[in-house]
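Quick notes on the structure that follows.
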Amino acid sequence: MKCLFGRLSPHSVIKRVIVLMTLTCLCLPSMAQHPFYVQTYEEGKEAMQLEDWDRASEFLEIAAFGLLDHTDYLGDIYVRLAIVQASLEDSAKLIKFLAKAKSQVGAVFNKPERTPAPVWERFLIVSGRKKAPPPPIPKEVSELEAYVSDHPKVEKGWLALLPKKREGRASVNRRWFERALEAHPKSVAILQEALFFAEEHDRGRQAESFAKRLFDLDPENSLVNEFYGNAAVDADKYSEAGDFYKKVAGRPRFSETEAIQARLEEELEKLKKARERMELAKEREAKKAEADRKKRLEEREARLARERAEEAKAAEAKAQRKREEESRKTKREERAARDRKSTSDKAEASKSEKTAEKAEPDPLVEQEALVRAKPEDVDARFVLARMYLEVKETRKARRELRKLGRIEADSPRYAEIFAEYNYLLERHKRNLDVLKGRRDLTRRTLYFYGLSLFETEKYEEARQILSDLSRSEFPKLRNVDAEIRKNLAKGKGSAKLGGPTPRHIVALERSVADGEAKPIDRIRLIDYYLSVENWKKAEPLIEDGYREFSKNQEFLFFHGRSELHHGKFKEALELFQRLLNAGYRKRDIHYYAGLAAMKDGKTAVADYLFKMAENYNTQLKDEIRSLQSKQR
């Protein structure tokens, strides 16, 4: 679609669509099944996800024309077109596509198979089949009164208004509480507010009525238990009051509760002293009974101790006999094991003498003999050259390399041996001159080519070549990676970027450390660290900048890069989409957003964003193609 309608005016786009439709109807009857329309339908869906309503309308209308005979697509397309026109506030087209959508979903509104649940919910609101959520709750009293009058079933609106109505004239405000309970007769929160109101304005019977209703709904409710606790103290039912107060959480909420609880504590203290006197008398009797019981227990323990001592003595004698028997058994087993080992050692020595007589031949000698017997066998020569390199026989390897170069110098396997040979002889410049730009290099050739770049201090190029190679296949690369990162962090071996020099970087780092750096200085320093992939220094600056300047688009972008670096692909994509929706188009944002979408499994969105990235920066084309081929 980008190629068809990329930079045309709306009038030119309409003309091309009409011509395309005419050709489709006259020349290609099977065009409706062409993948072009399915792709257009997918791009329309992606545009909806990005809230690009004009583009979504354009793509979906084209898809609707081309897929007229495909009802499994058509229902979802008309549903989406109705949502798009509602977002564009085009009432004429909205009515048109609502009618077409209803013709597809039927009178009972059966959800099309391809339509996701969130899209269907939005369509039901647009078509009037489902009410939209109520507006946000205001803060002013007059606005709240109007809000609950218009939306009496919204409980949160009443809960915002009723606390403000507890003050003032009770005869006037009482009606608001009655209306709230008429709309929500079983709301615990509204009953609590009503109980507060009645208690604060000394409306006893009304308060008891509200408390009963609240207790029936929620027997564990803290407020109603506090109310009943206060009532129990007034009725001198202190035990019941204590049970009620146990269910009260936090500080008292009624103004008189603290005074009532103080009175309860006084009464309980009196009862406590009376019980203490009774307990003291019982304690004296219990001490006497305890003394008698202890005496009986001591006599019994003495008898049991004598019995246990006798049993322990008998058990120790039995254990000693068992240890002696086990010692004799162990000695017999050790003697038998020594005899078996002696016999085994003799047999092994005899076997070793026999096998020593049959030594295996050297594989390198056998391969040389094979090449001498069959000098025209190219595969055998390649094997022999590789074996020479493995044992560092570079002079013999050079002889074979010359012969192979006359036969197939342009083959990938020759390049592999050539690269290893030059690396062993430290002819790194020759490796770079001959192999640079070749597209058919094997992993092993790339390994030695990258090591030659590393040895010539071309660290950035070495990093790019070696990054895709397996560290388990080439373990040496783990140490090489550390050296590359260290040298890149020092500014060595990387292409010079426009902007501050290392001396300026030192000055910027000093100003950041002293707390004198401006936001633009932090951005420049982060740019430099990311250019040399020094995430260790970049991440603290990114997080501090994002925390202090959360609305700054540059720090939002860097925060998205950080999330992407740590594998939080969904969060990174959301940040990049926020910036794109706000009009941010710098720093190859489409490329990083596409990379996050691809890693998050959203292939269609990634393809769309990569197309946009190529439009803004054509140099990214090869890198994007490489990423997509690896993903597939």
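The values are calculated or read from the model by the stated rules, or taken from the named source; none is laboratory data. This one's a predicted model, so the numbers in the text were calculated from it and none came from an experiment. Because the Cβ atoms are built from the backbone with ideal geometry, glycine has one as well, and the counts that use them run over all protein chains shown. Protein only, heavy atoms only, side chains kept; ligands, DNA and RNA dropped before computing areas. Shrake-Rupley method; radii C 1.70, N 1.55, O 1.52, S 1.80 Å.
Taking the Kirkwood radius as Rh and the Cα radius of gyration as Rg, region 423-497 has a ratio of Rg/Rh equal to 0.95. Note that region 195-351 carries a Kirkwood radius of 24.0 Å, evaluated over its alpha carbons pair by pair. Treating r as the C-beta distance of K318 and L280 and R0 as 60 Å, the FRET efficiency rounds to 0.65. With contacts taken as Cα pairs under 8 Å at a separation of at least 6 residues, the chain carries a relative contact order of 5 percent.
With N the number of residues in region 116-260, Rg(Cα) / (2.2 N^0.38 Å) evaluates to 1.30. Accessible surface ranking for L446, L580, 1.4 angstrom probe, highest first: L446, L580.
Charge dipole of the chain (Cα centre as origin; +1 on each Lys and Arg Cβ, -1 on each Asp and Glu Cβ, all else neutral): 1860 debye, rounded to the nearest 20. Shown for the chain are no DSSP H helices, since none reaches 30 Å along its axis, judged by Cα atoms, with a mean Kyte-Doolittle hydropathy of at least 1.0.
The three principal axes of the C-alpha atoms in the chain carry coordinate ranges of 117, 109, 62 Å, sorted with the longest axis first. Relative contact order of region 120-189, taken over Cα pairs closer than 8 Å and 6 or more residues apart, is 22 percent. Can you grab the distance from the C-alpha centre of region 292-344 to the C-alpha centre of region 59-92, Å, no decimals? What the calculation gives is 91 Å, centre to centre.
Listed by chain and number, the lysines whose C-alpha is less than 16 Å from the C-alpha of K270, apart from same-chain residues fewer than 8 away, are K237. Along its three principal directions, the equivalent ellipsoid of region 60-168 from the Cα gyration tensor extends over semi-axes of 41, 13, 10 Å, largest first.
Exposed loop sites are taken as chymotrypsin sites (Phe, Trp or Tyr not before Pro) in a DSSP loop (any state but H, G, I, E or B) with at most 15 other beta carbon atoms within 10 Å; the longest stretch of the chain without one runs 110-548. Full extension of the chain between K341 and K272 yields a length gain of 16.4 nm, computed as 0.36 nm times the residue separation minus the alpha carbon distance.
Distance from the C-alpha centroid of region 520-538 to that of region 542-579: 14 Å, rounded to the whole angstrom. Computed on region 536-579, with alpha-carbon pairs under 8 angstrom and 6+ residues apart, the relative contact order is 31 percent.
For E393, no residue 5 or more places off, or on another chain, has a built amide H under 5 Å of its own. Checking the cross-link pairs K111/K602; K111/K570; K570/K621; K436/K476; K392/K536 against a 30 Å limit on the alpha carbon distance flags K392/K536 as lying beyond it. Legend: calculated FRET efficiency, T618 to E258, from the Cβ-Cβ distance at R0 = 45 Å, rounded to 0.05, equals 0.05. Excluding same-chain neighbours fewer than eight residues apart, the aspartates and glutamates reachable from K45 by a Cα-Cα span under 18 Å are D54, E58, E61, D72, D76, E113, E121, E574, D600, D607. Only aspartates and glutamates eight or more places from K165 in sequence, or on another chain, were considered; those with a Cα closer than 16 Å are E140, E143, E145, E155, E178, E193, E199, E200, D202. All other residues whose Cβ lies under 10 angstrom from that of E46 are scored, Lys and Arg at +1 and Asp and Glu at -1, for a net of -1.
Taking the charge dipole of the chain about its Cα centre, with +1 at Lys and Arg Cβ atoms and -1 at Asp and Glu Cβ atoms, the residue from L466, V532, L124 reaching farthest to the positive side is L466. Applying 1/(1 + (r/R0)^6) with r as the Cβ-Cβ distance of R471 and V365 and R0 = 35 angstrom yields a FRET efficiency of 0.50. Computed about its Cα centre, the charge dipole of region 36-142 is approximately 620 debye, with only Lys, Arg, Asp and Glu carrying charge at their Cβ.
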